Number of protein chains: 2
Amino acid sequence: MSQTVVRALDILRFISTSPRSLTEVAAHLDVHKSTALRLLQTLSLQGFARQLSNGAYVTGFGIIALGQLAIDQIDARTIAHPHVQRLSEESGHTVHLAQLTGDEVVYVDKVDGATMMMGSRIGLRAETHSASVAKVVLAFADEAVREKAITAATFQRYSSTTIVTAEALRQELSQVRSRGWAEDNGEKEDYINCVALPIYDARGKVSMGVSLTALKVVAPLEVLRARIPEFRLSALTISREFGWRGDEYGKH
Amino acid sequence: MSQTVVRALDILRFISTSPRSLTEVAAHLDVHKSTALRLLQTLSLQGFARQLSNGAYVTGFGIIALGQLAIDQIDARTIAHPHVQRLSEESGHTVHLAQLTGDEVVYVDKVDGATMMMGSRIGLRAETHSASVAKVVLAFADEAVREKAITAATFQRYSSTTIVTAEALRQELSQVRSRGWAEDNGEKEDYINCVALPIYDARGKVSMGVSLTALKVVAPLEVLRARIPEFRLSALTISREFGWRGDEYGKH
DNA sequence: CGAATAAATTGCAACATATGCAATATAGTT
DNA sequence: AACTATATTGCATATGTTGCAATTTATTCG
């Protein structure tokens, strides 16, 4: 583990949250200002950081370019994107595609609905105990993977409906397996709800999920539930493109 | 300048082009495999790289997340985006916004037109000697900045119309200043053309440009030129939002 | 399926680099 | 102009990175 590299990457994360002065960066890393300065100089020369006219450091365009290339490289996204796009157009809602990576579920695609732009971000992890795409992927994942994710969950309460214990999450995931889809009833933001379906691959495994998200005032949970039959057709089509050959979607 | 950090960032750029094995990364960096492995392990643990099931390394989701945050942080983009979006919708063409950073011009926003998706990427630099947004920004930039950019240009020939000498570029930029807009007549890709206008800021300076891009078969240069009067209104509006108070757009 | 080959990984001592200190330069405030 | 705060640089040295050798794992071949 390279301490110097960890520090440099930590700087990148720190300056991505808001413009930061040299003094702030040194304090954040708990190193001497000359050390922080040399790391920032290296990052800047390489295009990964840049200085505003007031001296503050922000993320450089080199990161943006790499991020864009990385998004293009996500295989799952290439295959599923036309479906995600169409689902959003047809439903008018925001559609997310997320993928299991290690023991967390990460957003890999997203098309915003007509009425709103959401705070979720490609590249960020979906909350294990609230996000419906995380629930649906973990519900159908290997038990070892599921338990590891549950153990790592923070169970931070965001609203009155947030799941805040491991046992409650296990029960919820059991329900997801029974009915074949996951829900988020305002558990992260109390004015947003969504439903998610699993995507099966060639081996019949689930490592991806797709969700429909909407403001409650625009489409309450019942409205999203009513869309599940047609949503399931899309999820089936996506699954088939990933090589799934099962007979009964959502039931095995 | 931190050699270790430079190596790590070089790895990030290398693996962003296609999935790479440990052996390839070590050869690329010209270091021992154990050195490359430790750097890759550090990047992976920090979420900046990840390993595919076959052992190859690709860009991690941490980079994607940072790239998305960085895009959100670009002030120019926040202000100009509604206009860029509207311009693309109204014209049906791809619209780019680019900004001078140091001595190069970088794409900071882009909305694809109805007919096609383009290869240009937010975060990447616009070609100094061919891209119309680069020409328009440099034409109206300080002479010192312009000369530095011209000196650094590669003048690589991409098509029969590419500008390949510094003197020819200076003449081109002089013409841009005279008529008030820049053009790319298939100079990068011979089937694409575009026109670009400067954006003035509160001090009457130009550090941003906006362009309309189209396939020649869809909209030849004459068609794009014909759009300049209305395009100029948009560029004026954007300039005013950046605080410009001049009387005669494009003429001072 | 075992042998051979190639790639990946790890422990550890050497040494090259990253580090903090002190001095200096620059910017901002009173 | 004086004072304070922030940023920057040269340099000696402490320490973290490095490559080597050994080991483990994966792949290929007969």
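Each reported figure results from applying straightforward, stated rules to the coordinates on display, with no laboratory input. Only a predicted model underlies this, so the values are computations on that prediction, with no experimental measurement involved. Every residue, glycine among them, receives a Cβ derived from its backbone with ideal geometry; neighbour counts consider all protein chains shown.
In table form, for the structure just shown:
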{"quantity": "Euclidean distance between Cα centres, the stretch B:130-195 to the stretch A:182-252, Å", "calculated": "49"}
{"quantity": "Estimated inter-spin distance, B:Ala27 and A:Arg245, nm [label 7 Å along Cα→Cβ]", "calculated": "3.7"}
{"quantity": "For B:Leu52, inter-copy label distances in nm, listed shortest first [label point 7 Å out on the Cα-Cβ vector]", "calculated": "3.9"}
{"quantity": "Choice from A:Leu43, A:Leu215, A:Leu138 with maximal GNM fluctuation in chain A (Cα, 10 Å cutoff)", "calculated": "A:Leu43"}
{"quantity": "Simple spin-label estimate for A:Ala114 and B:Arg203 in nanometres, 7 Å along Cα-Cβ", "calculated": "4.6"}
{"quantity": "Descending semi-axes in Å of the protein assembly as shown, equivalent ellipsoid built from Cα gyration tensor", "calculated": "42, 29, 22"}
{"quantity": "Cα-based Rg of the stretch A:88-235 normalised by 2.2 N^0.38 Å, two decimals", "calculated": "0.95"}
{"quantity": "Residue-averaged 222 nm ellipticity for chain B, from DSSP H runs of 4+ at -39500 (n - 2.57), nearest 500", "calculated": "-14500 deg cm²/dmol"}
{"quantity": "Extension gain, B:Asp72 back to B:Glu230 (0.36 nm per residue minus Cα-Cα distance, nm)", "calculated": "54.1 nm"}
{"quantity": "The stretch A:74-241 - percent relative contact order, Cα under 8 Å, separation 6 or more", "calculated": "22"}
{"quantity": "Cβ-Cβ FRET estimate between B:Val164 and B:Ser34, R0 fixed at 51 Å, reported to 0.05", "calculated": "0.65"}
{"quantity": "Beta carbon of chain B nearest to the axis of the rotation taking B to A, residue and angstrom distance", "calculated": "B:Gly67, 1"}
{"quantity": "GNM flexibility winner over chain A from A:Ile71, A:Ile15, A:Ile150 (Cα, springs under 10 Å)", "calculated": "A:Ile15"}
{"quantity": "Given B:Lys110/B:Lys148; A:Lys110/B:Lys216; A:Lys135/B:Lys110; B:Lys33/B:Lys188; A:Lys135/A:Lys216, the pairs whose alpha carbons are separated by over 30 Å", "calculated": "A:Lys110/B:Lys216; A:Lys135/B:Lys110; B:Lys33/B:Lys188"}
{"quantity": "Label zone at A:Val218 (point 7 Å along Cα-to-Cβ), backbone N below 19 Å, the stretch A:122-152", "calculated": "A:122, A:131-133"}
{"quantity": "Loop-located trypsin sites (Lys or Arg not before Pro) in the stretch A:116-158, at most 13 other Cβ atoms within 10 Å (DSSP)", "calculated": "A:Arg157"}
{"quantity": "Long-range HN-HN contacts of A:Thr94 with modeled amide H, under 5 Å", "calculated": "A:Gly113, A:Thr213"}
